[in-house]
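The block underneath contains the structure these notes are about, expressed in structure tokens.
The values are calculated or read from the model by the stated rules, or taken from the named source; none is laboratory data. Note that this is a predicted model, so its numbers are computed, not measured. We place every Cβ from the backbone using ideal geometry, glycine too, and count neighbours over all the protein chains shown.
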Amino acid sequence: MKKYMFALIATSLILFLAACGNSNTEGASSESGEANSSYPEEQIEVIVPFAAGGASDLVSRTIATEMENALGVPVVVANKTGGSGATGLLSTKDADPDGYTIGYVPVELAMLESLGLAQVSPEDYAALGQLMTIPAGIIVKGDAPYNSVEEFVAYAKENPGKIKVGNSGTGSIWHIAAAAFAGEAGIEVSHVPYDGAAPAVTALMGGHIDAVTVSPSEAISGISSGDLKVLAVMSEERDVNAPDAPTLQELGFDINLGGWGGFVAPKETPEDILETLRAAFETAYNSEAFQKLLEERGMNPDYKPGEEFQTFAKEQYDFYGELIPQIEFE
């Protein structure tokens, strides 16, 4: 009997130690990163820092839908406007780095700190990739009393401060574009901020302002109908949405400004989750739906993978850090 009891106790001890060993192994696997092997398991939110209807929103919603197909979980868009994009950008920056909150970032990411509007820079994020570029344009009502940049400038000089130019928020790329052009042309205009390009274009269509300096792609319906006209674009080449409109460089103005956009995650997001998101992002970019959107909206496709986009955004941050202090806004 004693031998039997000893054997039973010894067997129980061996089983207990084996169970502990398995538990430790599972813990080690969890700590090594395998805990994320089931990612994603729930809904992912994409924060867009501008209002619905603009280029940023349309791009983000199409990419979100295609990423949803690739990841197998809902990917939904949340528009968090304000502060020329700062509100949305900070929401993404401060989100839990668990892969369930990502964000669309525009060129304003490279500008807000130099403008003193928000402490935010490309280094606060882990880039997923870049999607496209869009040039700034000088867009007015179809029946405006000026049909060229020269006539626009002459009218502005005769009526200092009278021309109201809408933009997508104080300090936004379209505000910077208007201010840079006004400085180069030697004119005085009044800047009117909105929570995105779409509301600014709506205000122009309604006659509440005299011009916008957004991308022609964001005003394409009004341009196509003849309700709006493009006087010039601020890019090296003419824009497909307004092929008859000259570039400012053609007219002797040394200005080349435009927007760009991509997706990011919070900075401390684990690498294995970033790999999953980047793969889904690239799949979404190459999808038929997204390529069709770029073509229909006249946006320039410009894919850059994560690390390349991270480097580009930092270069833009340095560029605007030098440009913005030289601009007189009012």
Exercise. Can you run down the residue pairs with Cβ atoms below 9 Å, 6 or more apart or on separate chains, where the first is in the range 112-135 and acidic (D, E) and the partner is part of a strand (DSSP E or B)?
Key: D124/V264; D124/P266
Quiz item: What's the number of the condition A154 fails, among (1) assigned by TED's automatic domain parsing to the domain that holds T213; (2) among the small types (G, A, S); (3) within 16 Å of the chain's Cα centre (by Cα)?
Solution: (3)
Quiz item: Any idea which of L251, L293 is under 30 Å from S148 (Cβ atoms) and touching a Ser or Thr at 6+ places or on another chain (Cβ under 9 Å)?
Solution: L251
Quiz item: Of all residues in the range 280-314, which are acidic (D, E) and modelled with pLDDT of 95 or more?
Solution: E282, E288, E307, E308
Quiz item: Considering only the range 51-108, how many residues are in a helix (DSSP H, G or I) and within 22 Å of E288 (Cβ to Cβ)?
Solution: 17
Quiz item: From the set of residues in the range 45-95 that are touching a Pro at 6+ places or on another chain (Cβ under 7 Å) and hydrophobic (A, V, I, L, M, F, W, C), which is modelled with the lowest pLDDT?
Solution: A51
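Residue-by-condition table, conditions (1) of a type in the set (V, I, T); (2) in contact with a Ser or Thr (Cβ under 6 Å, 6 or more places away or on another chain); (3) at positive phi:
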site	(1), (2), (3)
T170	yes, yes, no
A180	no, no, no
A203	no, no, no
I209	yes, no, no
S217	no, no, no
E237	no, no, no
Exercise. Count, please, the residues in the range 116-154 that happen to be in a loop (DSSP other than H, G, I, E, B), small (G, A, S) and within 26 Å of L323 (Cα to Cα).
Key: 4
